[in-house]
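What follows is one structure encoded as structure tokens, with my remarks underneath.
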Amino acid sequence: MQLLPKHFASTLFASLLLSAAAGAQAESVVLNGFSINNFNDGYSQPGFSVLSSTAGVTTLALDTLRTRSNVLSGGLPADNFEYGMSMSLLAQSGYKIIGYSLSGGLGGKLAVGAVPNDPRYLPGTPGTANNQARLNIQTANATPHHDPLSYVKDNLNGTQTFELSDHFGAGSDALTLALNSFVGSNATYTYYYDQNALDPWDREQKSPSLASLNIFNSVLTIYTAPLSPVPEPGTWMMLSLGLLSLALLKRKQA
């Protein structure tokens with residue numbers, strides 16, 4: 001069963017930018033080397049918290065994604081959760097934004113309903129259990145242009161980590177990050193038949209299946225670097241004179 005909406009990729013970036021007025025936007029947050037502006041994820045409270053901000057590395061916990069991305073289906077209709085977030089990053093004077101990474105973990109469980117181990121029960125239609133996670137993050141206004149990054153995981157039964165990262169080489173003064181994620185689960189009953197049932201209506205039995213999935217410890221890391229100082233014209237002149245003096249001294253010694 002396809003859990004991922006067909007419109008996921010086509011509406012990713014446009015929907016995030018157009019929905020900026022729909023939810024609360026965090027005021028500008030000044031951090032080490034850059035500031036976050038216009039954070040929006042459609043919820044009433046800004047969905048991130050600052051874990052650390054030291055020279056060159058700032059880590060943000062994506063709280064809304066962590067607390068709301070739990071889906072569970074137990075022989076009931078599919079359970080899905082979509083999350084979109086956008087933020088503008090502006091480098092402070094004397095700094096460049098040189099990259100970012102999105103990391104975290106996935107926890108999933110899949111269990112198909114079982115037919116009781118008894119000869120009186122005959123198997124019928126088997127149940128199903130499926131889950132899916134998809135993450136997509138892309139930038140706008142970054143120079144040069146960078147392609148979106150994607151991560152997909154189907155039918156996870158256990159835990160697994162993920163990481164998406166990108167670096168901007170010479171760095172960028174400003175850019176917009178947009179993240180969209182989807183987690184979904186779907187489970188259907190396993191049906192079987194009781195041969196000893198007296199009432200025909202009681203012959204068909206069912207056993208629930210279970211499918212769940214959640215994203216945990218989702219962290220966005222922003223990397224910055226100070227600009228290399230450009231020497232003043234006077235510094236260049238003094239350096240040139242020094243080199244010329246050394247050359248003349250070596251010539252005399254020769």
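Of note:
- Residue in segment 137-151 that is farthest from the chain's Cα centre (by Cα), counting only those that are in a strand (DSSP E or B) and among the small types (Gly, Ala, Ser): Ala140
- Qualifying residue in segment 198-212 (condition: within 29 Å of Asn136 (Cβ to Cβ) and of a type in the set (A, V, I, L, M, F, W, C)): yes
- Within segment 159-206, tally of residues that are farther than 30 Å from Val30 by Cα and either crowded, with 16+ Cβ neighbours inside 10 Å or more than 22 Å from the chain's Cα centre (by Cα) (or both): 24
- Looking across segment 84-113, the residues that are over 24 Å from Gln138 (Cβ atoms) and either at pLDDT 95 or above or surrounded by 18 or more Cβ atoms within 10 Å (Cβ to Cβ) (or both) come down to Gly107, Gly108, Lys109, Leu110, Ala111, Val112, Gly113.
- Of all residues in segment 101-135 being of a type in the set (D, E, K, R) and assigned to a loop (DSSP other than H, G, I, E, B), the one that is nearest to Ser185 (Cα to Cα): Asp118
- Some residue of segment 26-45 being modelled with pLDDT under 70 and surrounded by 14 or more Cβ atoms within 10 Å (Cβ to Cβ): yes
- In the set (1) closer than 23 Å to Ala187 by Cβ; (2) in a strand (DSSP E or B), Lys96 fails one condition alone, (1).
- If the condition is being hydrophobic (A, V, I, L, M, F, W, C), within 30 Å of Ser228 (Cα to Cα) and touching a Leu at 6+ places or on another chain (Cβ under 7 Å), then segment 64-118 contributes Met87, Leu89, Ile97, Leu102.
- Assessment of segment 213-231 against the conditions (closer than 22 Å to Gly107 by Cα and surrounded by fewer than 16 Cβ atoms within 10 Å (Cβ to Cβ)) yields at least one matching residue.
- Whether a residue is modelled with pLDDT of 90 or more, within 22 Å of Leu62 (Cα to Cα) and crowded, with 17+ Cβ neighbours inside 10 Å was assessed, and Gln138 passes this test.
- Test: residue in segment 72-88 that is of a type in the set (Gly, Ala, Ser), under 21 Å from the mean Cα position of the chain (by Cα), under 16 Å from Val219 (Cα atoms) and assigned to a strand (DSSP E or B): yes
- Any hit, segment 64-83, residues being crowded, with 18+ Cβ neighbours inside 10 Å, under 18 Å from Ala174 (Cα atoms) and out of contact with any Phe, Trp or Tyr (no Cβ under 6 Å at 6 or more places or on another chain): no
The values are calculated or read from the model by the stated rules, or taken from the named source; none is laboratory data. As the structure is a prediction and not an experimental result, all values here were calculated from the model. All Cβ positions, even for glycine, are placed from backbone atoms using ideal geometry, and neighbour counts span all protein chains on display.
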